[in-house]
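The values are calculated or read from the model by the stated rules, or taken from the named source; none is laboratory data. Worth saying up front: this structure is predicted, and the values here are computed from it rather than measured. Please note: Cβ atoms are built from the backbone with ideal geometry, for glycine as well, and neighbour counts cover all protein chains shown.
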Protein chains: 2
Amino acid sequence: MEKELDERKQKILNAIIQTYLETGEPVGSRTISKYTDLNLSSATIRNEMSDLEDMGYILQPHTSAGRIPSDKGYRLYVDTLMREKEEEVSEIKELMIQKTDRMEKVLKQVVKVLASNTNYATMITGPSYHHTKVKFIQLSKVRVDQLLAVIVVDGNMVKNQMIDLEEEMDDETVLKLNLLLNTQLNGLTVEEISLGMIAKLKEQAGIHSGVVSQVLDAIAAAISEEDEMPVFTSGATNILKYPELSDGEMATQLISAFEEKRPLAELLQETKSEDGEETGIQIYIGSESPIKTMKDCSVVTATYELGDGMTGTIGIIGPKRMDYENVVDNLKTLKAQLDSIFKKE
Amino acid sequence: MEKELDERKQKILNAIIQTYLETGEPVGSRTISKYTDLNLSSATIRNEMSDLEDMGYILQPHTSAGRIPSDKGYRLYVDTLMREKEEEVSEIKELMIQKTDRMEKVLKQVVKVLASNTNYATMITGPSYHHTKVKFIQLSKVRVDQLLAVIVVDGNMVKNQMIDLEEEMDDETVLKLNLLLNTQLNGLTVEEISLGMIAKLKEQAGIHSGVVSQVLDAIAAAISEEDEMPVFTSGATNILKYPELSDGEMATQLISAFEEKRPLAELLQETKSEDGEETGIQIYIGSESPIKTMKDCSVVTATYELGDGMTGTIGIIGPKRMDYENVVDNLKTLKAQLDSIFKKE
DNA sequence: GTTAGCACTCCACTTAATCGAGTGCTAACA
DNA sequence: TGTTAGCACTCGATTAAGTGGAGTGCTAAC
């Protein structure tokens, strides 16, 4: 291992990866010899390539084929890519995100844009509610034995829950309960609504303790139900565009994941907890991916922020020979846009 | 056209279609000769097949291949199938639909069951709200210049809408508005909330007419937004299992439709308006489908009912060589189950 | 250290050959 | 008249063989 990754090797590796990204086919010494500006003959390139292969940055699918980047090679590539372009503020292309109050629409729009910009499969999660504060609770009597609970949490997310009462309830009690709930629960996170809190509420409510616990259960259910984070996707069929992903089981598994959404939610969740460097952008190449079935893909994710400390994640799945530069660029601008959209609101 | 479709031809046609459904490959005379109980030599079968081809029930992909059913052949098949099995009450297999108040979960469960039972791609729409009555409206003040409107319609569907007010509003006004809205709009369908109604309301509200129209707009928006009917899907990747659908553009288009959902919503909408015979089950074979891109598939749909005259549609998409019998059976039982679940509620 | 040249490898692609399922037709048979 | 056996023929699918070309590794010269 006395071999060193000098600048020339670096350049050659770069050239290999870039042309491979474009063509998707193993690239040979001759191609590089012509492509690069440092004029070297194919023979020289061959020697260097041989070294690079020894070092594990590239590999041959079979004898007498060109070289393709290994996971390690990709990794080096994206790392230097990120380092070099870090400070460069990417110009924000104007997106057609029309101002909608409904967050869902924004998110749907965003994944769509991303998918059509990149030609990969994309996904996004809405903000998660883990440490979200209750902002407003409203109980309404729909029928004499049926309540509708509406809970608004930070970020103006609204949840509904129907409550079938075991006993009837008069208007006055509803009013009282409303007052109670709002004064007691306001500003609390889901976790803070503890058992003690519930006991206290029951006590204050007096005789109607049975109903109160029913209501609280319903509210807790409504909020925690958010664990099923909504995931929006777009361009799942882009997977079929890349031969290395489209044949056999692979495609089925990937597209299933995009239909089921749950696996994606977990994936995005995972990346968030790993919490990348300052940029908030994470890249998983091949086997680095937290999901085993995606060992032939690359996954790039970015985390965006909502004002109240809530975060969501946007991600993209494509072949390992992904146009990382373009993808990262796109993610950065979208992330910036999302940040500003939601913070402003 | 002096040829007659006698019983023997009928039987042969049936045999052809059934074996084709299983194998997916053109079926030859020899196969039939062995399969059928009426003992006939392959030569005889050949003659009959030739007749059937003349009559347009079957066709040859190319010379010296076996025969495959034509659209007309399928049509005859499913028609007789439906006729024969009409009265037979299919035993209702117990489903794992746990009682949930959230309709979404039921629907998701149902498509999943259907997809795994049949191995085709499935979809379902929730009930549509076209002639739905407003049951309950609740305005709540979230902030001094922000209202939350919650609208409950028949069938206990809940819609939310945030309203950013141009002018501030005090508690009393909110209370008054609530009363007004509930007394005036209650029991009305969306269509009935006409301009005249709005004018009247504005008048009654007095000075706050600006706000009222804002509120009414929001409510109308919230309700009509339901036009984006929710569609749930499952088993989209089943499409990839059938070679005749999985290659080329076809697969991409179909799966895209399943991701976008809108095309499916239209498809299901379409079938509903055509309103099949008593069973509520519709079968579109190949080019009969209302959507051009689906000319190589068959679509089977069933309409289920909710108590209040609302209806939803459940559908299945697969290759033309679909196991119609099984599919129809499944749809019937699911339809029955949905009918009962929602009516009971 | 770089380059030219050459023999060798091996995949991808083409062409040819073969196989076999299936048909249509004719002639014999009940 | 309807049914069957037999046979020549068609045509896609599969296999086999052949070819081209891109690419490598190595050696020798610069």
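Values as computed for the structure displayed
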quantity	calculated
Top-ranked residue in the range A:31-50 [being more than 25 Å from A:Glu325 (Cβ to Cβ) and assigned to a helix (DSSP H, G or I); ranked as farthest from DNA strand C (Cβ to nearest atom)]	A:Ser50
Positions within the range B:155-177 being surrounded by fewer than 16 Cβ atoms within 10 Å (Cβ to Cβ) and either in contact (Cβ under 8 Å) with a residue 40 or more places away in the chain or aromatic (Phe, Trp, Tyr) (or both), in sequence order	B:Glu166, B:Glu167
Unique match (being modelled with pLDDT under 85, under 30 Å from B:Ala221 (Cβ atoms) and surrounded by 18 or more Cβ atoms within 10 Å (Cβ to Cβ)) among A:Val111, A:Val106	A:Val106
Residues of the range B:51-90 satisfying the condition of being in a helix (DSSP H, G or I) and either within 11 Å of DNA strand D (Cβ to nearest atom) or modelled with pLDDT of 90 or more (or both)	B:Asp51, B:Leu52, B:Glu53, B:Asp54, B:Met55, B:Asp71, B:Lys72, B:Gly73, B:Tyr74, B:Arg75, B:Leu76, B:Tyr77
Selection within the range A:1-25 - closer than 15 Å to A:Ser50 by Cβ and surrounded by 14 or more Cβ atoms within 10 Å (Cβ to Cβ)	A:Arg8, A:Lys9, A:Ile12, A:Leu13, A:Ile16
Hits in the range A:264-310 - residues which are at pLDDT below 90 and within 14 Å of chain B (Cβ to nearest Cβ)	A:Thr293
Hits in the range A:33-43 (condition: within 22 Å of A:Pro61 (Cβ to Cβ) and either within 8 Å of DNA strand D (Cβ to nearest atom) or acidic (Asp, Glu) (or both))	A:Ser42, A:Ala43
Exclusive hit being within 36 Å of the chain's Cα centre (by Cα), more than 18 Å from A:Val78 (Cα to Cα), within 13 Å of DNA strand D (Cβ to nearest atom) and among the acidic types (Asp, Glu), set A:Glu25, A:Glu48	A:Glu25
The range A:129-153 - residue that is at pLDDT below 75 and surrounded by fewer than 20 Cβ atoms within 10 Å (Cβ to Cβ) and, of those, farthest from the chain's Cα centre (by Cα)	A:Lys133
Qualifying positions in the range A:242-261 - in contact (Cβ under 8 Å) with a residue 12 or more places away in the chain and closer than 25 Å to B:Met123 by Cα	A:Met250, A:Ala251, A:Gln253, A:Leu254, A:Ile255, A:Ala257, A:Phe258, A:Glu259, A:Lys261
In the range A:1-31, the residues that are out of contact with any strand residue (DSSP E or B) (no Cβ under 9 Å at 6 or more places or on another chain) and of a type in the set (A, V, I, L, M)	A:Met1, A:Leu5, A:Ile12
Looking only at the range B:167-189, and only at residues there that are part of a loop (DSSP other than H, G, I, E, B) and among the hydrophobic types (A, V, I, L, M, F, W, C), the one that is nearest to B:Val153 (Cα to Cα)	B:Leu188
Test: residue in the range A:2-9 that is within 36 Å of the chain's Cα centre (by Cα), within 13 Å of DNA strand D (Cβ to nearest atom) and under 17 Å from A:Arg75 (Cβ atoms)	no
Of the criteria (1) more than 10 Å from DNA strand C (Cβ to nearest atom); (2) modelled with pLDDT of 85 or more; (3) touching a helix residue (DSSP H, G or I) at 6+ places or on another chain (Cβ under 8 Å); (4) assigned to a helix (DSSP H, G or I), which one B:Tyr20 fails	(3)
